[in-house]
Amino acid sequence: MSPAGQPSPRVAMLGVCYDGSSSYLRGAAGAPPVIRKELWSEARNPWTEAGFDLSRAALDDEGDVTPGEGEVGRRAIESWVKRIVESGRRPLVLGGDHSITYPVLRGFRPTHPLLAVLHLDAHPDLYDEFAPSVQPELDEALAAVVAEAEALVVGVAESEADERAYARAT
(Lines give C-alpha, C1' and ligand atoms only; values in the text may rest on other atoms or scores of the structure.)
Protein backbone atom coordinates (compact mmCIF):
# COMPACT_ATOMS: atom_id res chain seq x y z
CA MET A 1 0.00 0.00 0.00
CA SER A 2 1.13 3.50 -0.69
CA PRO A 3 1.39 6.03 2.14
CA ALA A 4 -2.05 7.36 1.10
CA GLY A 5 -3.55 3.89 1.56
CA GLN A 6 -3.98 3.25 -2.18
CA PRO A 7 -2.68 0.04 -3.74
CA SER A 8 0.82 0.61 -5.09
CA PRO A 9 1.24 0.13 -8.83
CA ARG A 10 3.13 -3.00 -9.70
CA VAL A 11 6.68 -2.69 -10.95
CA ALA A 12 7.94 -4.92 -13.75
CA MET A 13 11.68 -5.54 -13.73
CA LEU A 14 13.14 -6.09 -17.21
CA GLY A 15 16.78 -6.91 -17.91
CA VAL A 16 18.13 -5.65 -21.24
CA CYS A 17 21.27 -7.61 -22.10
CA TYR A 18 22.89 -5.30 -24.63
CA ASP A 19 26.17 -3.42 -24.76
CA GLY A 20 26.89 -3.31 -28.49
CA SER A 21 27.08 0.51 -28.45
CA SER A 22 29.34 0.76 -25.42
CA SER A 23 31.93 3.49 -25.84
CA TYR A 24 34.73 1.65 -24.11
CA LEU A 25 34.47 -1.72 -22.36
CA ARG A 26 31.74 -4.31 -22.74
CA GLY A 27 29.96 -5.66 -19.68
CA ALA A 28 26.56 -3.98 -19.35
CA ALA A 29 24.97 -6.88 -21.26
CA GLY A 30 25.86 -9.20 -18.37
CA ALA A 31 24.58 -6.86 -15.66
CA PRO A 32 20.88 -7.81 -15.34
CA PRO A 33 21.34 -11.29 -13.83
CA VAL A 34 24.09 -9.97 -11.53
CA ILE A 35 21.91 -7.07 -10.31
CA ARG A 36 18.97 -9.44 -9.77
CA LYS A 37 21.17 -11.91 -7.86
CA GLU A 38 22.42 -9.15 -5.55
CA LEU A 39 18.96 -7.65 -5.11
CA TRP A 40 17.68 -10.89 -3.61
CA SER A 41 20.92 -12.02 -1.96
CA GLU A 42 20.64 -13.38 1.58
CA ALA A 43 23.59 -11.13 2.43
CA ARG A 44 21.32 -8.09 1.91
CA ASN A 45 18.64 -6.67 4.15
CA PRO A 46 15.37 -6.19 2.18
CA TRP A 47 14.15 -3.38 4.45
CA THR A 48 14.40 0.26 3.36
CA GLU A 49 15.15 3.22 5.61
CA ALA A 50 11.44 4.10 5.46
CA GLY A 51 10.46 0.70 6.83
CA PHE A 52 9.28 -0.99 3.62
CA ASP A 53 10.05 -4.67 3.13
CA LEU A 54 11.17 -4.94 -0.50
CA SER A 55 10.80 -8.72 -0.41
CA ARG A 56 7.03 -8.10 -0.26
CA ALA A 57 7.02 -5.41 -2.97
CA ALA A 58 4.59 -5.49 -5.88
CA LEU A 59 7.31 -6.61 -8.27
CA ASP A 60 6.98 -8.76 -11.38
CA ASP A 61 10.18 -10.11 -12.89
CA GLU A 62 9.93 -10.14 -16.68
CA GLY A 63 13.34 -11.77 -16.99
CA ASP A 64 16.10 -10.79 -19.37
CA VAL A 65 15.87 -10.01 -23.06
CA THR A 66 18.61 -9.72 -25.68
CA PRO A 67 17.70 -7.28 -28.45
CA GLY A 68 19.22 -7.39 -31.90
CA GLU A 69 21.48 -4.74 -33.36
CA GLY A 70 20.53 -1.32 -34.71
CA GLU A 71 16.99 -0.11 -35.23
CA VAL A 72 15.56 -3.64 -35.06
CA GLY A 73 16.95 -4.05 -31.54
CA ARG A 74 15.83 -0.58 -30.47
CA ARG A 75 12.27 -1.26 -31.71
CA ALA A 76 12.26 -4.54 -29.74
CA ILE A 77 13.26 -2.72 -26.53
CA GLU A 78 10.56 -0.12 -27.17
CA SER A 79 7.98 -2.88 -27.65
CA TRP A 80 8.92 -4.69 -24.43
CA VAL A 81 8.73 -1.48 -22.39
CA LYS A 82 5.49 -0.39 -24.08
CA ARG A 83 3.87 -3.76 -23.21
CA ILE A 84 4.78 -3.30 -19.55
CA VAL A 85 3.54 0.31 -19.47
CA GLU A 86 0.27 -0.56 -21.23
CA SER A 87 -0.35 -3.31 -18.64
CA GLY A 88 -0.46 -0.58 -15.97
CA ARG A 89 2.89 -1.47 -14.47
CA ARG A 90 6.02 0.63 -14.07
CA PRO A 91 9.14 -0.71 -15.79
CA LEU A 92 12.41 -0.98 -13.89
CA VAL A 93 14.98 -1.56 -16.64
CA LEU A 94 18.29 -3.17 -15.67
CA GLY A 95 21.52 -3.24 -17.59
CA GLY A 96 22.20 -2.20 -21.12
CA ASP A 97 24.52 0.49 -22.36
CA HIS A 98 23.54 4.12 -22.96
CA SER A 99 21.92 3.32 -26.31
CA ILE A 100 18.91 1.60 -24.71
CA THR A 101 17.75 4.86 -23.12
CA TYR A 102 15.98 6.20 -26.17
CA PRO A 103 13.95 3.06 -26.97
CA VAL A 104 12.99 2.78 -23.29
CA LEU A 105 11.70 6.38 -23.41
CA ARG A 106 9.88 5.68 -26.70
CA GLY A 107 8.10 2.80 -24.97
CA PHE A 108 6.71 5.26 -22.42
CA ARG A 109 5.75 8.07 -24.83
CA PRO A 110 2.31 6.84 -26.01
CA THR A 111 1.04 6.50 -22.44
CA HIS A 112 3.19 9.01 -20.55
CA PRO A 113 4.18 11.97 -22.73
CA LEU A 114 5.74 13.72 -19.72
CA LEU A 115 8.35 11.77 -17.82
CA ALA A 116 10.72 12.21 -14.93
CA VAL A 117 14.03 10.46 -15.50
CA LEU A 118 16.59 9.40 -12.91
CA HIS A 119 19.90 8.74 -14.70
CA LEU A 120 22.43 6.79 -12.58
CA ASP A 121 25.83 6.93 -14.21
CA ALA A 122 29.40 7.96 -13.50
CA HIS A 123 29.46 9.82 -16.84
CA PRO A 124 26.71 12.07 -18.25
CA ASP A 125 27.27 10.85 -21.86
CA LEU A 126 26.34 14.21 -23.38
CA TYR A 127 28.82 14.15 -26.24
CA ASP A 128 28.24 16.14 -29.42
CA GLU A 129 29.70 13.27 -31.41
CA PHE A 130 29.87 9.74 -30.14
CA ALA A 131 28.53 6.83 -32.18
CA PRO A 132 27.11 7.97 -35.51
CA SER A 133 24.57 5.12 -35.60
CA VAL A 134 22.90 6.06 -32.31
CA GLN A 135 24.01 9.59 -31.42
CA PRO A 136 21.24 11.45 -33.30
CA GLU A 137 18.63 9.36 -31.47
CA LEU A 138 20.34 9.86 -28.12
CA ASP A 139 20.47 13.61 -28.71
CA GLU A 140 16.79 13.59 -29.66
CA ALA A 141 15.91 11.56 -26.57
CA LEU A 142 17.88 13.84 -24.27
CA ALA A 143 16.37 16.96 -25.86
CA ALA A 144 12.87 15.52 -25.49
CA VAL A 145 13.38 14.59 -21.85
CA VAL A 146 14.92 17.94 -20.97
CA ALA A 147 12.26 19.88 -22.86
CA GLU A 148 9.25 17.93 -21.62
CA ALA A 149 10.17 16.39 -18.28
CA GLU A 150 12.37 16.49 -15.25
CA ALA A 151 15.78 14.83 -15.52
CA LEU A 152 18.13 14.16 -12.63
CA VAL A 153 21.62 12.72 -13.14
CA VAL A 154 23.14 11.09 -10.05
CA GLY A 155 26.62 9.72 -9.51
CA VAL A 156 28.61 11.70 -12.05
CA ALA A 157 32.27 11.29 -11.17
CA GLU A 158 33.75 13.05 -14.17
CA SER A 159 32.59 14.97 -17.20
CA GLU A 160 34.03 16.94 -20.09
CA ALA A 161 33.75 20.74 -20.22
CA ASP A 162 31.41 20.57 -23.24
CA GLU A 163 29.16 18.10 -21.42
CA ARG A 164 28.88 20.44 -18.42
CA ALA A 165 28.12 23.37 -20.74
CA TYR A 166 25.41 21.38 -22.52
CA ALA A 167 23.83 20.34 -19.22
CA ARG A 168 23.77 23.95 -17.98
CA ALA A 169 22.28 25.20 -21.26
CA THR A 170 19.45 22.67 -21.25
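Values computed for the structure shown
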read-out: Simple spin-label estimate for Arg56 and Glu160 in nanometres, 7 Å along Cα-Cβ; value: 5.0
read-out: Rough spin-label spacing in nm, given labels placed 7 Å along Cα→Cβ, for Ser41 and Val11; value: 1.8
read-out: For the range 27-67: accessible area per residue (Å², 1.4 Å); value: 72
read-out: Accessible-area composition of the range 1-123, carbon plus sulfur, in percent [1.4 Å probe]; value: 57
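The values are calculated or read from the model by the stated rules, or taken from the named source; none is laboratory data. All values derive from a computational prediction rather than experimental measurement. Glycine gets a Cβ as well: all are built from the backbone with ideal geometry, and neighbour counts include every protein chain shown. Keep in mind that these areas ignore ligands, DNA and RNA; they rest on the heavy atoms of the full protein, side chains included. Shrake-Rupley method; radii C 1.70, N 1.55, O 1.52, S 1.80 Å.
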